[in-house]
Amino acid sequence: MELQPIHPEPTSFIRKWIFSIDHKVIAKQFLWTGLLFLLFGGTLAMLIRWQWAFPGQSVPALGPVFFKDTGGAITPPTYTSIFTMHGLIMIFWAITPILIGAFGNLTIPLMIGARDMAFPKLNMYSYWAFFISAVLVILSFTSQLGAGNAGWTTYPPLSTNVGSPGWGQTFAGLGIFVTGLSSIMGGINYIVTVIRFRAPGMTWFRLPLTVWGLWLTAILNVLFVPVLGSGALLVTLDRLAGTHFFITGGAVGLKGGDPILFQHLFWIFGHPEVYILILPAWGIVGDVLSFFARKPAFWYKGSVFAMIGVTVLSAVVYGHHMYQTGMAPMLGLAFEILTLAISVPAVLLFVNWLNTIWRGSVRKTVPMLFALGMVFVFGAGGLTGLLLGTISTDIYLHDTMYVVGHFHLTMAAASFLASFCGLYFWFPKMFGRETNPLLGKLHFWGSVIFITTTFTGQLLAGYSGQHRRLYDPFQYDYITHLRDINRWTSYSAFMLFIAQIPFVINFFYSVFAGKKTKENPWDVPTLDWVACSSPPVYHNFDVVPTVVRGPHELGNPEVKKALGKDWISQTEEMPGEDLAHAAAAE
Amino acid sequence: MASVAKLEPRMRENFTQSLGMIVALGSWAMMFGALFFVYAGVRTSARVWPPAGLPALPIALPLVNTLVLALSSVMLWIGTNALIRGNRKVLPRYVALSFGFGTLFLVLQVKVWKDLWLSGLMPSTGIYASVFYGLTVLHAVHVFAGLIVLAVIFARSLKGTYTEHNAIRVRVAGMFWHFVDVVWIFMFVALYLL
C-alpha cells in the first residue's frame with residue numbers, strides 16, 4: 001500500500017495533542033469541545049424552561065450570578081438571546097462536533113481500513129476553524145447589548161442592525177460562517193477518504209451503515225453549508241458594510257432588498273441540515289442494533305438506498321419551512337408531496353430496524369439501550385412531522401410549541417441518544433477502557449424517560465395553541481390554562497439535566513480509571529474492532545486488512561458450527577474459503 | 001474501481017488530490033450559486049433595472065477584464081502542461097505571466113469600482129449597488145487568494161520544487177484558478193450584460 005505509508009509518530013506535546021493531524025486525536029478534540037458545548041446549551045435550555053414554568057421569577061442558583069441587575073430574573077431581551085444561542089449552540093457546536101466531528105473522524109478510517117484521512121492537515125484545520133468559531137460564539141455573549149437574539153434562523157429584519165443592534169448577533173453570524181468552513185473541510189475529507197482509502201475488498205456494499213450515514217452527511221455538508229455561508233456573509237455585510245441585501249425600503253429595485261430571499265437561502269441549507277444531523281445517527285443505530293441483536297442488519301441494501309433516497313429528497317423539500325411565508329399554492333403542493341415522500345424511505349429504514357431486532361438474541365448493553373431509545377423517540381418524532389408537512393394542518397400548528405416538540409424529538413432527542421449510543425459503543429476504542437454499565441443504564445433510563453416526557457409536553461402545549469418563543473406565555477388568556485403542563489414539562493426537563501450526572505461521573509471515572517478493555521469487548525465483526533487494537537496505534541493498522549465479507553455477519557449457524565462462535569469478522573475466512581486471495585487480485 | 005486500482009501509485013495519489021479539489025470546488029460553486037440565486041431573486045422582482053437615477057454598469061472595461069483573467073488562466077494552463085511533459089524551465093515564466101494578468105485584473109476591477117463610486121453608486125444606495133459590489137468584491141477576494149497561491153508557486157518553481165512527478169500540486173492549484181475565472185465569466189454575463 002504505497003498510498004498509505006506509515007509515518008513516524010510525532011513526539012512533541014504540541015504536535016501530538018494540540019495541532020495533531022491524527023484523526024483519532026482530532027476526534028477526541030471534537031468530542032471534548034462538543035460535550036462542553038452540550039453542557040452549555042443544556043444549561044441555556046434549563047433557563048428557558050425555568051422561564052416557561054415561572055415567568056419573570058428569580059432563577060435559583062444561576063440567577064444571582066448572571067442576572068444581578070434584575071435580582072436574578074430573566075428579562076425579555078436576555079430571554080431572546082438565551083433561546084437563540086441555545087438553538088445555535090446545540091446544532092452547530094454540540095451535535096455537529098460530537099456526531100460528525102468526533103464519530104466521523106474516529107470511525108471512518110478505522111471502519112474502512114485506512115491509516116488516516118485523505119488530507120490529515122485539512123482535518124487539523126477543520127478542528128481549529130471549529131475552535132475559532134467556538135471563540136466567536138462565546139464572544140457574542142460579551143456584547144453589552146446581549147448575545148445574538150434573532151432566533152437560530154437569524155431571519156432579517158430580526159438579524160439586521162435594527163432588530164439586533166450590537167456585536168452579539170454579528171459575532172454569532174460570523175461564528176456560523178466559520179463553523180461552516182470547518183464542516184466543509186471535514187466533509188471534503190470524509191468524502192474523498194471513503195472513495196479512495198477503502199481497504200482491499202471493502203466494496204461499497206461491505207461498508208458499515210455508520211460509514212454510509214457519515215458519508216452521505218458529508219455530501220450534504222459540502223453542498224449545502226456553503227449556501228448558509230453565503231446567507232450569513234450577506235447578513236453580515238448588511239450589518240457591517242451598509243449593503244441592503246435583506247433590508248427593505250421602498251419597492252424592490254428602487255432601494256431595498258428582500259428579507260424573504262434570506263429565508264430561501266437559509267432553508268435551502270436548513271432542511272438538508274436536519275438530515276445532516278440525523279444521517280450519522282441512523283447509520284450508528286443501524287449498525288449497533290445489528291451487533292447487539294446478534295443478527296445481520298435486515299435488508300442492508302434497502303437501508304443504504306433508503307438513506308441515499310432521503311439524502312436526495314432532502315435537497316428538494318425546503319419549501320415546507322415557508323408554507324406560512326406565502327408561496328404559490330402549486331409550489332406549496334409540490335413541496336408538500338415531496339416532503340411526505342420522504343416518509344417512504346424513512347419508514348423503510350425504520351421497519352428494517354424493527355426487523356433487525358425481531359427474534360434476535362438481544363444483548364441489553366448500554367449502547368444497545370441507547371439505540372433502542374433512539375428508535376423510539378425518532379419514531380414518535382417522525383409521526384408528529386406528518387402534521388407539519390401537510391399544509392392544511394401546518395397552518396394551525398405553524399410557530400407553535402408543537403413544532404418545537406417535533407424537531408426536538410427528531411433532531412435533538414434522536415441525535416442525543418444516538419450520540420451517547422456511539423459514545424458508549426466506541427468508548428473502549430477511544431480510551432482503551434470500559435465504562436461502568438450500571439451508571440450507563442441509569443443514564444439511559446433517566447435520559448430516555450425524561451427526554452420523551454419533556455418534548456411530548458411541548459407537543460401537547462403546542463397542540464393546544466401555545467405559540468413558541470413567548471417570554472411570558474401566560475399573559476395571554478387562551479394560554480393561561482396551560483400553566484400546569486408547562487410546569488410539568490419544565491420539571492421533566494430539569495430531571496433530564498440531572499439524569500446526565502451519572503454520565504459525567506461515568507465518563508471521567510472511566511477515562512482515567514476504568515477497567516482496561518479487551519480488544520473486542522462487544523464481539524463485533526467490523527474492522528475498527530477486529531483489525532486494530534483498543535486504543536489503536538498511531539497508524540491504526542500494522543498491515544492494512546483485506547476484507548472478505550460484509551459488516552454484519554452475526555448469528556450464522558454455519559459459522560457457529562465451523563468456528564464455535566456466533567460471528568465472523570470482516571477479514572476472517574471460513575475453513576476452506578479463499579476470499580482474501582480473490583479480493584487482493586481485484 | 002478495478003481499473004483505478006491498477007494505476008501506478010503516483011497516478012492514484014494524483015487522483016486523490018484532484019478529487020479533493022473537485023469536491024471543494026463543488027462546495028465553492030454552491031456558495032457562488034447562492035449569490036447568483038440572490039441576484040436572480042432581486043432581478044426578477046425588479047420592474048426597472050438599473051433603478052431610475054442610478055448609473056448603468058460599464059461594459060467595455062469589464063469585457064477587457066474578462067479577457068485579461070482568461071489570459072491569466074491560459075498562461076497557467078500552458079505552464080502546467082509544459083511541466084507535465086517534463087519541461088520544468090518554462091514554468092516560472094508562465095506562472096509569472098499568469099500572476100501578472102491576475103494582478104492587472106484586480107487593478108482594472110478597482111478602477112471599475114472607483115468610477116462607479118465617484119458617479120454616486122455606493123453599497124448604501126440600495127439593492128442595485130449591494131448586489132453589484134457584494135458579488136464582485138467576494139469574487140475579487142477569491143482572485144486575491146488565488147494570487148497569493150500563484151506567488152507561492154512562482155517562488156517554489158524558481159527553486160525547482162516542481163517536477164513532472166509532483167506536477168499535481170500545480171495542477172490542483174490551477175483548478176482553483178480556472179474555477180475563479182469561470183465564475184467571473186458567469187458574473188460578467190449576469191451583472192454586466194443581462
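Computed quantities for the displayed model
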| read-out | value |
| --- | --- |
| Overall form of the protein assembly as shown per C-alpha gyration tensor (a/c, 1.5; a/b vs b/c) | oblate |
| Local electrostatic count, A:A102, Cβ distance below 13 Å [Lys/Arg +1, Asp/Glu -1] | +3 |
| Extension gain from A:Y463 to A:R483, taking 0.36 nm per residue of separation minus the Cα-Cα distance | 5.8 nm |
| Rel. contact order, % - alpha carbon contacts under 8 angstrom, at least six apart, segment B:67-194 | 34 |
| Additional length obtainable on full extension of the chain from B:W77 to B:K111, 0.36 nm per residue less Cα span | 9.5 nm |
| Listed residues B:L106, B:I148, B:Y128: farthest to the positive end of the dipole of segment B:67-194 (Cβ charges) | B:I148 |
| Cβ neighbours within 10 Å from other chains - mean over A:234-247 | 5 |
| Net charge dipole size for the protein assembly as shown [Lys, Arg +1 and Asp, Glu -1 on Cβ; Debye, nearest 20] | 1100 |
| Under the Karplus curve 6.51 cos²θ - 1.76 cosθ + 1.60, θ = phi - 60°, whole-Hz ³J(HN,Hα) for segment A:354-362, x wherever Gly or Pro sits | 4, 5, 5, 7, 4, 6, x, 8, 5 |
| Dipole axis of segment B:18-119 (+1 Lys, Arg; -1 Asp, Glu on Cβ), positive-most option in B:V42, B:W77, B:L25 | B:W77 |
| Estimated FRET transfer efficiency (A:I501, A:I337; beta-carbon r; R0 60 Å; 0.05) | 0.85 |
| Residue-wise HN-Hα coupling along segment A:11-25, computed from phi with Karplus coefficients 6.51, -1.76, 1.60 (Hz; x: Gly, Pro) | 10, 6, 4, 5, 5, 8, 10, 9, 8, 8, 10, 7, 4, 6, 6 |
| Burial order of peptide ranges A:419-431, B:157-169 (average beta-carbon count within 10 Å, highest first) | A:419-431, B:157-169 |
| Cβ-based net charge around A:E577, under 13 Å, with every Lys or Arg adding one and every Asp or Glu removing one | -4 |
| Rounded if a/c under 1.5, otherwise prolate or oblate - segment B:1-101, Cα gyration tensor axes | oblate |
| Cβ charges +1 (Lys, Arg) and -1 (Asp, Glu), total dipole of segment B:67-194, debye | 560 |
| Folded to 0 to 90 degrees: helix A:483-498 orientation relative to chain A principal axis, Cα | 40 |
| Unsatisfied cross-links (Cα-Cα over 23 Å) in the set A:K28/A:K515; A:K16/B:K159; B:K89/B:K111; A:K301/A:K518; A:K429/A:K561 | A:K16/B:K159; B:K89/B:K111; A:K301/A:K518; A:K429/A:K561 |
| Whole-angstrom gap from segment A:1-41 to segment B:116-194, using each part's C-alpha centre | 33 |
| Spin-label zone in segment B:167-194 - amide nitrogen under 20 Å from a point set 7 Å from the Cα of B:R10 along the C-beta vector | B:167-175 |
| Dipole of segment A:24-585, positive end: most advanced residue of A:F416, A:H443, A:T179 [Cβ charges, Cα centre] | A:H443 |
| Sum of -39500 (n - 2.57) over DSSP H runs of 4+, divided by residues of chain A (222 nm, nearest 500) | -20000 deg cm²/dmol |
| Cβ neighbours within 10 Å from other chains - mean over B:133-141 | 2 |
| Relative contact order computed over segment A:24-585 (Cα-Cα under 8 Å; 6+ residues apart), in percent | 15 |
| Exercise: per-residue mean of other protein chain Cβ atoms within 10 Å, A:214-224 | 2 |
| Length released on extending from A:V312 to A:Y476, taking residue separation times 0.36 nm less the Cα-Cα span | 54.8 nm |
| Local net charge near A:K516, Cβ-Cβ under 14 Å (Lys/Arg +1, Asp/Glu -1) | +2 |
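FYI, it's all coordinate maths here, none of it is from the lab. If you're wondering where the values come from, they're calculated on a predicted model, not measured in any experiment. Positions of Cβ are backbone-derived with ideal geometry, glycine not excepted, and every protein chain shown enters the neighbour counts.
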